[in-house]
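The values are calculated or read from the model by the stated rules, or taken from the named source; none is laboratory data. These figures come from a predicted structure and were not determined experimentally. In this analysis, Cβ positions are derived from the backbone assuming ideal geometry, glycine residues included, and neighbour counts consider all displayed protein chains. Surface areas here come from the heavy atoms of the whole protein model, side chains and all, with no ligands, DNA or RNA. Shrake-Rupley method; radii C 1.70, N 1.55, O 1.52, S 1.80 Å.
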Amino acid sequence: MDRLSRPATLASRIAQTLRDDIAAGRFAAGARLPAESALADTFDVSRPIVREAIALLKADGVLVTRKGSGAYVSETPGGQVWRVASTPDGGPTLAQLFELRRVVETACAEMAALRRTAADLQQIRDALASMQRDAADFPSAAAADIAFHHAIALAAHNPCFTGLTDFVSQQLLVARQHAWENSARLHAAQGAPRAADAEHAALVDAIAAGNPEAARAAASAHLSAAAQRMGLGMGPD
């Protein structure tokens, strides 16, 4: 399976090592990191590489810097930005990201069935209507697909899940467009209904009915089928 990004840079690898050291308690909140020159010697790299790694951790809220004093672990060393950890050969596969999507979105569907408001339902249904209307326009259909699942995440009324849903959706955007193209070609060749239409409708019905078990099952069935359409070969839970 192709990777989603280029091989991790030296700076990102060093940043991940420092992140792991902080998580393991080797550097506590408020602790000062070794000087750039010492870190450069430790990792056998140049100081600009260390400086770049520190900048990455600062951008994520893991470190703070003080002019003339150095880099310190922030009071929120877990960081304030969520990202997929780098791997030596470049990052997660599509299948790995889709596994995350399935876990998050089935939970969102379950919570949405319990917590959705009338306004939430209208937003979900509007996104579904846009998907159906723009089915032949692959980029627009994929964007409407993202809006549909974003609306369900919003209906769960937990911003943590909304953020994760949006992140994974953007990572899978191109693959989703390919899935829409495959579905449209099958529809044109065989005249068969688009399977995703029925899957999405079943999910909306379960959420509207306030049935969390049915919503989770409908989301799981849809995502398993979507994985097949994306060529990931993933079976049901």
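Could you calculate the FRET efficiency of His157 with Ala31 from 1/(1 + (r/R0)^6), where r is the beta carbon distance between them and R0 is 35 Å, rounded to 0.05?
About 0.40, to the nearest 0.05.
Using the crude model of +1 on Lys and Arg Cβ and -1 on Asp and Glu Cβ, and no other charge, please compute the dipole size for the range 10-73 relative to its Cα centre, in debye to 20. Provide the component values of the computation, followed by the final result.
Working: 9 positive and 7 negative charges, 52 e Å.
My answer is approximately 260 debye.
I'd like to compare 25-38, 201-214, 102-115: which one has the highest average count of other Cβ atoms within 10 Å, and what's the full order after that?
Packing order, densest peptide first, comes out as 102-115, 201-214, 25-38.
Along the range 62-77, what does the Karplus equation 6.51 cos²θ - 1.76 cosθ + 1.60 (θ = phi - 60°) give for ³J(HN,Hα), rounded to whole Hz, x for Gly and Pro?
After applying 6.51 cos²θ - 1.76 cosθ + 1.60, I find 7, 10, 10, 10, 10, 4, x, 10, x, 9, 10, 5, 6, 6, 10, x Hz.
Provide His200, His150 ordered by accessible surface of protein heavy atoms (probe 1.4 Å), highest first.
His150, His200
In nanometres, what is the gap between the two model label sites at Ala198 and Thr9, each 7 Å from Cα along Cα-to-Cβ?
My value for the distance between the label points is 4.9 nm.
With a 1.4 Å probe and all protein chains in place, put Met230, Met131 in order of accessible area, largest first.
Solvent-accessible surface, decreasing: Met230, Met131.
Say each of Thr117 and Lys58 gets a label point 7 Å from the Cα, pointing the same way as Cα to Cβ; how far apart are those two points in nm?
Going from the Thr117 label point to the Lys58 one covers 4.1 nm.
Beyond 25 Å, what percent of the Cα pairs of the range 94-230 remain?
When every Cα pair of the range 94-230 is considered, 18 percent fall beyond 25 Å.
Asp21: accessible area at probe 1.4 Å, nearest 10 Å²?
30
So how much slack lies between Ala136 and Thr42, counting 0.36 nm per residue of separation and subtracting their Cα-Cα distance, in nm? Can you show the working numbers first?
On the way: separation 94, 0.36 × 94 = 33.84 nm, distance 5.54 nm.
Fully extending the segment from Ala136 to Thr42 adds 28.3 nm.
Based on C-alpha coordinates, I'd like the Rg and Dmax of the range 10-73, in Å.
Every Cα atom of the range 10-73 included, Rg and Dmax give 10.5, 27 Å.
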